[in-house]
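Just so it is clear, none of the values below were taken in a lab; they were calculated from the coordinates. Small disclaimer: the values here were computed from a predicted structure and weren't measured. We place every Cβ from the backbone using ideal geometry, glycine too, and count neighbours over all the protein chains shown.
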Amino acid sequence: MKSYKELPSDAGSNIIGQVTAQVNRVQKRLASVKHTVAIMSGKGGVGKSSLTANLAAALTLKGNTVGVVDADINGPTLAKMMGVRNATLGYTPAGVKPAVTALGTKLISMDLLLAEDDAPVLWNAHTQKDAFTWRSTMEVSALREFIADTEWGSLDYLLLDLPPGTERLPNVVELVPDLGGVVVVTIPSEVSQLIVKKSVTMAKDVLNIPIIGVVENMAFYVCQHCGEEEPLFSAGEALDTAFQQVILGSVPFDPRLARSGDDGTLYLDEYPDAPASKALMQVAEKVQAFLKKSP
Amino acid sequence: MKFLCTDCDTAMKFKDVTRPEQGSVTALFECPDCFTEIAMFLNPSETQMLKSLDLKLGGNNEAAQPMQMVRSQLETAKTEAMPNEFSAEVSSGGTAEGGKCPFTSVISDAFQEEPERVEPTGPVWSAEALERLERIPAFVRPMAKMGIESFAKDNRYDEITGEVMDAARGNFPTQF
């Protein structure tokens, strides 16, 4: 009796061929993207999406063409933060035309596809029972389509804003083998740094992805009256030594930054002299410098 | 996955696939030598996994359409998310049939459920209950409807009324 390897094909389904076609589609689209960068934190609530939105704006202000993938399929926020929530996606045989901010940054996000504010991401299924067995796969397929089927055009930078946790990064690496590196976001709290360390290990040691650097978000608070810097977190935790070696910048907490995110306005343009704006521009410069040096 | 006709020692070929019934797909394979057929049943989870991967049993000779998986499988998508630009082109070709995505019927045809069989003995909906059903958010309505009907059958109700809905309410996270 013939063995598995002796049978010529999988009875005609050509599953490997179908998967290869999906991979080729991603690679073809990314051929016109110079650098792809993942933004991750491991922990939620550290301002990762806010940083992504502002990093994208900073890179765009520096004359780059920038695209952003909101890879947080279930908790998409970037369309609102980048002021394009009401955008209608264009659709052509060549791909889906992304939302474009007033600055020219391109964005694709699940939020642009959902019917209502309170509509969760709900996939077609005979039953939602046992959805844990397939839901994550569905999300990765969605992410693949976001990357492959969006008409990005030529980009200098494509930023991928990952959801909290470490599980999505391996998926991204499979989709984007030439990932330029990872920007890790943390806040000055022991809890955050404990979790973020795991993300760094996953990226650096498990997946061999370059760590572009760490951004310390909400690092301190600048008094709007006297300009004095105060720690925002009670202990004023010092950044972990391992993180200090690759720090890209410390972004102070600024209520106006949060408000800009809510309003979808451009903080960097409105408050160019604010300490947070300067820190964000510095982060963008260091990201550029890192990727310029990388092969 | 490969299949062997043990009588002929020949690789079996894909023959046909049915649309899901109760979430389960059936694929038929045939021996090219003796024409023996076998049926492979995918349970709902396996069927769903195949959908999630956007893969098709029996191969896929159609050109991939932009975001075809998301557009055909996202239940909670807004209808205007993908506007008319391409729909118009497709319509002129005579293949689009409207709906939220001009390719939905093509893309996911193999995964669309067979129309539900009408069971004459099943519970019927009263006008009041149907009105209440319409007030349930659209994106959870199909699930709620299925759950209420299942509850009514299990409890031997012939008609789904407001009282039956109230009784079933405790079984669902969505209020109606």
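Structure data summary
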item	result
Value of relative contact order over the stretch A:111-236, rounded to a whole percent, pairs C-alpha under 8 Å and six or more apart	18 percent
Neighbour net charge for A:Ile212 - beta-carbon separation under 13 angstrom, K R +1, D E -1	+3
Reachable aspartates and glutamates, given that their alpha-carbon falls under 13 Å from the alpha-carbon of A:Lys292 and they are not under 8 places away in the same chain	A:Asp156
For the stretch B:1-61, alpha-carbon Rg over 2.2 N^0.38 Å	1.18
For the protein assembly as shown, size of Cβ-based charge dipole, Lys and Arg +1, Asp and Glu -1, in debye	1300 debye
Two-decimal Rg/Rh across the stretch A:50-89, once Rg and the Kirkwood Rh are taken from alpha-carbon atoms	0.98
Estimated D of the stretch B:124-169 in µm² per second, where Rh is the Kirkwood radius over Cα pairs and Stokes-Einstein applies at 10 °C, 1.306 mPa s	153 µm²/s
Relative packing of peptides A:33-42, B:147-156 - highest average C-beta neighbours within 10 Å first	A:33-42, B:147-156
Pairwise centroid distance, computed over Cα atoms, of the stretch A:94-112 with the stretch B:38-79, Å	25 Å
Kirkwood hydrodynamic radius of the stretch A:124-253, from inverse mean 1/r over distinct Cα pairs, in Å	17.2 Å
Shape parameters for the stretch A:4-293, alpha-carbon atoms, Rg then Dmax in Å	19.7, 78
Two-decimal Rg to Rh for the stretch A:83-166 - Kirkwood Rh, Cα set	0.99
Helix-only CD estimate at 222 nm, as mean residue ellipticity for chain A, using -39500 (n - 2.57) per DSSP H run (n ≥ 4)	-10500 deg cm²/dmol
Those aspartates and glutamates that a straight Cα-Cα span of less than 12 Å connects to A:Lys197, excepting residues fewer than 8 apart in one chain	A:Asp205, A:Asp240
Local electrostatic count, A:Thr265, Cβ distance below 13 Å [Lys/Arg +1, Asp/Glu -1]	0
Cα-Cα over 26 Å, subset of A:Lys28/A:Lys48; A:Lys80/B:Lys78; A:Lys80/A:Lys204; A:Lys198/A:Lys286; A:Lys62/A:Lys106; A:Lys62/A:Lys97	A:Lys28/A:Lys48; A:Lys80/A:Lys204
Straight-distance crosslink candidates among lysines, where the alpha carbon sits under 16 Å from B:Lys145 and sequence neighbours closer than 8 are dropped	A:Lys129, B:Lys153
